[in-house]
Amino acid sequence: MVTPALAILSLFTLGLLAPFLFALLPRHAGKLLCLPPAFWCGWFWSKTPASGQTWTSPWIPELGITFSFRLDGLASLFAILITGIGAMVLLYTEGYCGAKPGSGRLYGLLLLFLASMLGVVLADDAILLFLFWEATSVTSFLLIGFEHERANARRGAVQALMVTGGGGLALLAGLLVIVQQTGQGRISAWGPLAGDPLYLAMFALVAIGCFTKSAQFPFHFWLPNAMTAPTPVSAYLHSATMVKAGVYLLARLSGSLGGTEVWTWTLTLVGGATMLTGTLLALRQTDLKRLLAYSTVAALGTMVFVLARGGAEAASAFAAFVLAHALYKGALFLVAGAIDHTADSRDAFRLGGLWQRAPVLATASTLAGLGMMGVAPLAFLAKETLVDGLLSPPDVPSLIVFGVMAAGAVAIAGIVAFRPFFGKADPAIADGHKPDAPLLTGPAVLAVLGIVGGLTPTFVFERIGGPVAAAIGGGTDPHPWALWHGFGAPLAFSVGTLALGLAVYRAWPAWIARAAPWPSFGFDRAYDAGLRGTVSVARAFTRTIQNGRLRAYLQTTIATFLVLVTLAAVRWNPSPQIRLDTALPHEALLALAMLLAVLAAVRSVSRLAAVVTLGVVGFGVALTYALFGAPDLAMTQIAVETLTVILFVLTFYHLPRFARGSGTRTRAVDALLATGVGATMAAITLVASQRLLGTPISAHFAENSLAEAHGRNVVNVILVDYRGLDTLGEITVLSIAGLGVVALWTFGRRAAKGGSA
Amino acid sequence: MYNLLAQTDGNGLAKRLAEAFPPPTIDWPSILPIALVVCTGIVALIVEMLRPRQNNNAIIGFSLVGLFFAGLSLTSQFASPDLESFGGMVLRDRFSLTIQLLVVMVTGLTILFSDGYLRAKRIPFGEFYPLVLWSASGAMMMASSKNLLMIFLGIEVLSISLYVLAGMSKTETKSEESALKYFLLGAFASAFLLYGIAFMYGATGSLHLDAIRSAWNPNDEAFRNMMLFGMGLMLFGLAFKAAFVPFHQWTPDVYQGAPTNVTAFMAAGSKIGAMAALWRLLSASTTNVDLGATFQSYWMPALFWIAILTMTVGNLVALVQKDVKRTLGYSSIAHAGYILVGILAHVNNPEKVGIGTTVFYLLSYSLMTIGAFAVVSLTAKNGKEGTRFEDLHGLWKRSPFAVGCLIVFVASLIGIPPTSGFFGKLMIFNDALASDLMPLAIVLAVNSVLSVYYYVGIAKAAFVDAEGARTPESAPMNLGLAATCLLCAGGIFAVVILFNPLMNWLVGAP
């Protein structure tokens, strides 16, 4: 079982080499590049196993990440679709782009995507799966924005990346929660998780990931905007494969996460809402690709809707629908691209009469259109199987929703598959060129397969339906696929929806011509508004707190500090004990004097006065030291204070004139903050003073300084003897600083002289 | 001491001295790396005086060789046992060795691309190299001690050099402004930190983190209050250095104004140091519940919110920036938030979450940040430098290699697999879940989405064709810059491919 890894690796390498191949053989690149995927398609078709096969190799054991791949029925179905349709799309690209320069990049990205997508469906390790999942998002981003000179291509690309990438992170979170709870990174080893205490979180996160990827309501809006991609990309990524990754993962995890009420209800409601939204919005469109995109949304909703039910029968119906949808929708997208190529228009309302110009294309389109209507064999079979499930026992609301979707599909099929070829042409539509063979092969092959597959139901069931049912349905489907279910309720339902759909189709041109423009609402706009809102919040933020002013920065910092301290104080109530009764009158007088000096310093309009009053505060501190028995400290303080005042005055000499730059309001805020900080610091110091550590060492020094150090001045003994080394260090530092000052001084004078000379 | 000497005869002196002053254990190898880096700086300064004026190659050569030997001495100690020496001032354990190695690596990468840039900006001062080396030695000190004063000294050594470096482009006002802002606010933060250390000392009578941890007693109210204030003030100071919101405001201004190579070192080296110190402080400030309320139950909520704020504000404000350096500055704030989540996860559940995540993230973050700044430094030429988004226009045509690397860096900054940025985020995410910090994990995820927008903008700017470009043609690629880009971009993938052996080597077997 090394082969899955080999398949991914070889296709990945091919993607890296594709631009070079294109440079060598621009006219035949598609023909050559489609061969390896086609080979792997055949291989997967021939190898569909009855039970899963696994291959594992360790990678990052700390995170529990292994290289594990697993091939079972479900993986095989998707692998066949990815490689098979991939081959057709690569061939089609040759006809679509020709030898246009830059197409090498398109081939390369398509192949890289192909390899990543194959990785998603083959990976058995949760994180490995996520890596490939993200790789599909990134390649999809690059492919949607392929024509990056167009603004709406760039917007569509970024939108798709934000939505699917964001959902991807939710998915990662969900997967990690599961891995942590189960202690197991291998998806196939996860048992049912419904009993887990974190089940809801797991399900919600995984579901968000899957819903965003598969364009489910309310995340559906990115898919139509992704139609700015080149048509091969739309056909491949945004219809046949990538958007099915979410559906695939839901199917894959239905064994672990499924079977609960939350699962059933969420998937039913979201799937149903998506079906209705997709169908109704599709009918408002006139652009072929956007029509198809919305109908793809509806189809994806159907898949989710089916998965809600669980069990082998639903699994088998799911397989039939996925297969049928990939074939007809892929074909129709390719046809739309070919029409665009032929008539230079994608306007379904104006196109018509193209069958004369492109008869082969018209045939392919008809066959695929019949598939979408649910008339062509494979699609008919899928629809009958689905309705069978809904009828036993009859589930009326679901039948109605499904009926609307099916009728809508009929109408949309009529609009995109028949009208451009057989309808009346608008004379304004230009005469284009005829589509050539590579452009026709893809749609033709896919459309024909949709017919052939339905004609050999037992054979296809053995390869596809049965293994899928075994892989995710937990057993074998008791009703193998059959084309003819007899005359009964399912057939009546089909006929009914067909008739309704045809009626809508007939009414459509008149209705679309009269229809008022769509009122502007919807999730696309919500996304825009969200983006705009985020940006304006960011702008406001920048204006208010990131204005470049140092004072504002200090204000924020101090305010934060105050808020935090206040919060802490409220919560823990440190209650500093302030005992005013012990204060002596002269102490109180001193404190008052210092307070007044501070106020004077703040209020002063002259710098000199401010400094002098500040000096008063300093000398007050010195006096306090003296009062509390620290004369040495007081002396130091006086010296420092004097020096500071002198330095201040020296600096003033160089400063511009004193001016008040701030208004009353800013000054009030400043005053508030300053008072707050002062009060807080005082409170903190008071709190600190409540705790006394150990015994003071001063008694020891006083006793021993004469005996041990033969000195009567205790302070001197401490400085030069007990702490001699410290003092030495201090003196050294001081000397070096002094030298530095001298150096700067002389250098400055020399520079000034040089400047003047 | 006179007394001591007077009473003893020759034989007993040594013994009595040893009893009176027990000699501290001295383990020279444990300070050898720092000593090597400092001495390299001194040598570089001497070479600066002797070298020919036009050429910095000799200084660069000496610096790189010195760093290489420092790295060698670090790796050679990986097998040595954990050890505290110099009287508990220097600690050698896996964390300190790994962090020091990261700092050495970051310094080397910065020096490698600096010369071309400094020349293009016409500020090829040889002093850059010794200053950046000394700054690095400060970051190394911060990681290799459990003594609060040593950590403080480390921060100051780191910062003071950076203040000078930020203002190195003397002709540009914005460079001078950034230096002044950085200095004033940095000094402010240092004061807070020091005051907090004083409180801790006042409460516990020790500067050693282990002693502080064992001293915790929630039932003695006065003691508890002092420790809480001390812790709060210290966190305040460190949050400043690490640029957590709301202490981040200096970051964008300084990052934008400082010369780009200095910014690169600041964003990586300085952040590694701050994070290492924070990691040490926080993991030493966790206590068991036996005593009643744990220490962390007091400060954890504050840091929890700071992490949320840091991630969100960093990414949000980055959305509207027009300058690449500023954007990367905000991005570095956001990444600081991510790293904080990783640290908190470790603190919350030290049994399950080891040092691996923090170390790996710092490694990966350094690679991508230095790489990104290195590419941005290409916009300098003829003494001018424009770092607005439009100044990157057309870079694709002029140096496709640099733009190719830029894409790798941007992808890694976003966290797109299979880059190291993705795995780093994955590990943090995993850790947050493992230690019951689910809300932080969710905020991290949401922010990752937000960040896509502006990171893609950086890459996009390089691809847009230059139309009537404002700035002169950007500087030509030079060998050093190409080497830095190659090492960083290669490293981003290499650390993922070699994840297992690398992490085993760096942090030991799990």
So what is the orientation-averaged projected area of the stretch A:587-659, using the convex hull of its C-alpha atoms, in nm²?
4.8
To the nearest 20 Debye, how big is the dipole of chain A about its Cα centre, given +1 on the beta carbon of each Lys and Arg and -1 on that of each Asp and Glu?
2360
Between residue A:732 and residue A:506, 0.36 nm times their residue separation minus their Cα-Cα distance comes to what?
71.4 nm
Work out the mean other chain Cβ neighbour count within 10 Å for the residues of B:404-417 and drop it here as an integer.
2
Trypsin sites (Lys or Arg not before Pro) restricted to the stretch A:127-180 and DSSP loop, no more than 15 other C-beta within 10 Å:
A:150
Please give the helix A:126-144 orientation as an angle from the longest Cα principal axis of chain A, in degrees from 0 to 90, rounded to the nearest 10.
80
Quote to one decimal, in nm, the extra length available between residue B:125 and residue B:288 on full extension: 0.36 nm per residue of separation minus the C-alpha distance between them.
53.4 nm
Does anyone have the angle between helix A:437-455 and the longest principal axis of chain A? Alpha-carbon axes, 0 to 90°, nearest 10?
70
Would you please state which residues of the stretch B:189-222 a label at residue A:564 would reach in this model, taking the label point 7 Å out along Cα→Cβ and a backbone N cut-off of under 15 Å?
B:189-200
Assuming R0 = 51 Å, can you tell me the calculated FRET efficiency for the pair residue A:45 and residue A:549, based on Cβ-Cβ distance, to the nearest 0.05?
0.15
Between residue A:68 and residues 5 or more places away or on another chain, which pairs have amide H atoms under 5 Å apart, with H built 1.01 Å from N, and which residues are they?
A:57, A:124, A:125
Would you mind listing how long the stretch A:261-515 runs along its three principal axes, going by Cα atoms, in whole Å with the largest first?
55, 39, 32
For the protein assembly as shown, treating each Cα as an identical point scatterer without solvent, what Debye log10 I(q)/I(0) comes out at q = 0.05, 0.07 1/Å?
-0.45, -0.80
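Could you work out how much longer the chain between residue A:17 and residue A:152 gets when fully extended? Use 0.36 nm per residue separation minus the Cα distance between them, nm to one decimal.
In short, 45.6 nm is gained.
Could the peptides A:716-722, A:408-414, A:234-240 be put in order, highest first, of the mean number of other beta-carbon atoms found within 10 Å of their residues?
The most tightly packed comes first, giving A:234-240, A:408-414, A:716-722.
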If packing is taken as the mean number of other Cβ atoms within 10 Å per residue, what is the order of A:82-89, A:469-476, highest first?
A:82-89, A:469-476
Other protein chain Cβ atoms within 10 Å, averaged over every residue that makes up B:196-206
2
Would you mind getting the Kirkwood hydrodynamic radius of chain B from its Cα pairs, rounded to one decimal in Å?
23.4
For the stretch B:196-329, what is the Kirkwood estimate of the hydrodynamic radius, computed as the reciprocal of the mean inverse distance between distinct Cα atoms, to one decimal in Å?
16.3
The stretch B:358-510 -> Rg/Rh from Cα coords, Kirkwood Rh, value 1.04
Within a 10 angstrom radius of the beta carbon, how do B:352, A:383 rank from fewest other beta carbons to most?
B:352, A:383
Quick one: divide the alpha-carbon radius of gyration of chain A by 2.2 N^0.38 Å and tell me what you get.
1.44
Cα centre as origin, Lys/Arg/Asp/Glu Cβ charges: chain B dipole, Debye
1060
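Considering only DSSP states other than H, G, I, E and B, which GluC sites (Glu not before Pro) in the stretch B:329-407 qualify as loop sites with at most 10 other Cβ atoms within 10 Å?
Working: sites: B:351, B:385, B:390; in loops: B:351.
When the GluC sites (Glu not before Pro) of the stretch B:329-407 are filtered for loop state and at most 10 Cβ neighbours within 10 Å, B:351 remain.
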Listed by chain and number, the lysines with an alpha carbon less than 28 angstrom from that of residue A:424, same-chain partners under 8 positions apart left out, are A:289, A:329, A:434
Distance between modelled label sites at residue A:640 and residue A:603, nm, 7 Å Cα→Cβ extension:
2.9
Give me the one-decimal Kirkwood hydrodynamic radius in Å for the stretch A:180-318, with the sum taken over alpha-carbon pairs.
15.5
Helical contribution to [θ] at 222 nm, DSSP H n ≥ 4, -39,500 (n - 2.57), averaged over chain A, rounded to 500
-24000 deg cm²/dmol
Per residue of A:542-554, other chain Cβ atoms within 10 Å number on average 5
For a paramagnetic label modelled at 7 Å from the Cα of residue A:537 toward its Cβ, which residues of the stretch B:273-309 fall within the zone defined by backbone nitrogen distances under 17 Å?
B:305-309
Ranked by Cβ crowding within 10 angstrom, fewest neighbours first, how are A:212, A:366 ordered?
A:366, A:212
I'd like to compare B:266-279, A:303-316: which one has the highest average count of other Cβ atoms within 10 Å, and what's the full order after that?
B:266-279, A:303-316
So for R0 = 60 Å, FRET eff. of residue A:198-residue B:50 from the Cβ-Cβ r, to 0.05, ends up at 0.35
Please arrange B:199, B:78, A:701 by counting, for each residue, the other beta carbons lying within 10 Å of its beta carbon, fewest first.
B:78, A:701, B:199
Kindly provide the pair-distance distribution of the stretch A:710-757 built from C-alpha pairs, with 5 Å bins from 0 and whole-percent values in order of increasing distance.
5, 19, 13, 13, 10, 9, 9, 7, 6, 5, 3, 1, 0
On a C-alpha basis, how far is the centre of the stretch B:187-236 from the centre of the stretch A:670-690 in Å? Whole number, if you could?
17
Size of charge dipole - the stretch A:710-757 - debye, nearest 20, with Cβ of Lys, Arg +1 and Asp, Glu -1, no other charges
340
Which angle between 0 and 90 degrees, to the nearest 10, do you get for helix A:489-514 versus the longest principal axis of chain A when only C-alpha atoms count?
70
Between residue A:667 and residue A:53, with labels modelled 7 Å along Cα→Cβ, what's the label distance in nm to one decimal, could you check?
8.7
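Rule-based calculations on the coordinates, nothing more; no lab input. Bear in mind the structure is a predicted one, so any value in this text is a computation, not a measurement. Every residue, glycine among them, receives a Cβ derived from its backbone with ideal geometry; neighbour counts consider all protein chains shown.
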